[in-house]
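A.B. asks: This is the structure I want to talk about, given as C-alpha cells.
Values quoted throughout were computed directly from the atomic coordinates according to the rules given, and no laboratory measurement underlies them. If you're wondering where the values come from, they're calculated on a predicted model, not measured in any experiment. Virtual Cβ from ideal backbone geometry, glycine too; neighbours counted across all protein chains shown.
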Amino acid sequence: MFEPRSFCARLKPVVLVLLVLTLAGCKFSLPFLRVAKRAPPPAEAALGCDPANAACVPVHQPGETTVFPKHRPGSIAAVGAPQTAEVLDVTTPAERKAAQAGRKGQHEKKLGKTIASLGAVSDPGFWLKTPLVTKAAPGRVIWASNGNSIKLVLMPKDGPKGGGSQISLAAMRALEIPLTTLPELIVFRLRK
C-alpha cells in the first residue's frame with residue numbers, strides 16, 4: 001500500500017537537492033552576503049595606487065616650488081655620520097680616575113643585583129638609573145663577569161625592584177663592558 005509518510009521522507013532530500021541546484025544557477029544573493037564592488041581608480045591616480053592597500057590615492061611628486069624644512073643646529077640630521085663611543089663619551093681622564101677609585105669600603109650597603117642596558121648616550125657622567133633606589137644617592141657597581149668596579153650616582157627608575165636598569169656610556173666604558181651586552185651588576189649604596 002501507499003504510505004504518504006514514507007513517500008515524503010524519501011522525496012524530501014531530492015527536493016532539497018533540486019532547490020539548491022536551481023538557486024545555484026541564479027544571481028540570487030542575500031542582502032547581508034552582498035559584497036560591494038569598488039570602482040577602479042582614475043587613470044591619473046593609478047601611478048600612486050598600492051594594490052596591497054584597500055584605498056588608492058594620487059601621489060604628488062615634489063616640484064620646484066615644494067618647501068622643505070630646514071635642519072636645526074644640533075639635531076640628529078645635522079650631526080652627520082654615526083659617532084664612536086670614544087667620541088660620545090665626554091668624561092675627562094680625571095673623572096674616569098675618580099670613578100674607578102671606587103673599591104669596596106666599609107661604608108656601603110648592598111642593594112642587590114640588576115641587569116642593565118645602555119642608557120641615553122647624550123647624558124654625560126657616571127650614573128645608573130635603577131628601581132633599587134627611590135632617590136638619587138652615591139653608589140658603586142661591580143660587573144659580575146670581570147669584577148671591575150666604579151663609583152657612580154644611583155638614580156631612581158620606575159619599575160619593580162627586580163626590573164632592569166640603565167647605565168651611562170661612560171660607566172659602561174669604565175667597567176669595560178661591551179656596549180651591546182646586558183651586564184649583571186651588583187649595586188651598592190655608599191653611606192656618608
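A.B. asks: Can you compute the FRET efficiency between THR180 and GLU95 using 1/(1 + (r/R0)^6), with r the Cβ-Cβ distance and R0 = 25 Å? Round to the nearest 0.05.
C.D. replies: Efficiency computed from Cβ-Cβ geometry: 0.55.
A.B. asks: Please compute the contact order of the stretch 93-190 in relative form: average sequence separation of alpha-carbon pairs under 8 Å and at least six residues apart, divided by the residue count, as a percent.
C.D. replies: It comes to 41 percent, rounded to a whole number.
A.B. asks: Which Cα, out of SER149, LEU118, ILE177, lies furthest along the positive dipole direction of the stretch 93-190 (beta carbon charges, K/R +1, D/E -1)?
C.D. replies: Checking the options against the dipole of the stretch 93-190, the answer is SER149.
A.B. asks: Find out how many positive minus negative residues lie around PRO178, taking Lys and Arg as positive, Asp and Glu as negative, among other residues whose Cβ is under 15 Å from that of PRO178.
C.D. replies: -3
A.B. asks: On to the next question. Suppose each label sits 7 Å from its Cα in the direction of the beta carbon; what would the ILE115-LEU11 distance come out to in nanometres?
C.D. replies: About 7.5 nm separates the two model spin labels.
A.B. asks: Using 0.36 nm per residue of separation minus the Cα-Cα distance, give me the extension gain between PHE68 and LEU18 in nm, one decimal.
C.D. replies: 11.2 nm
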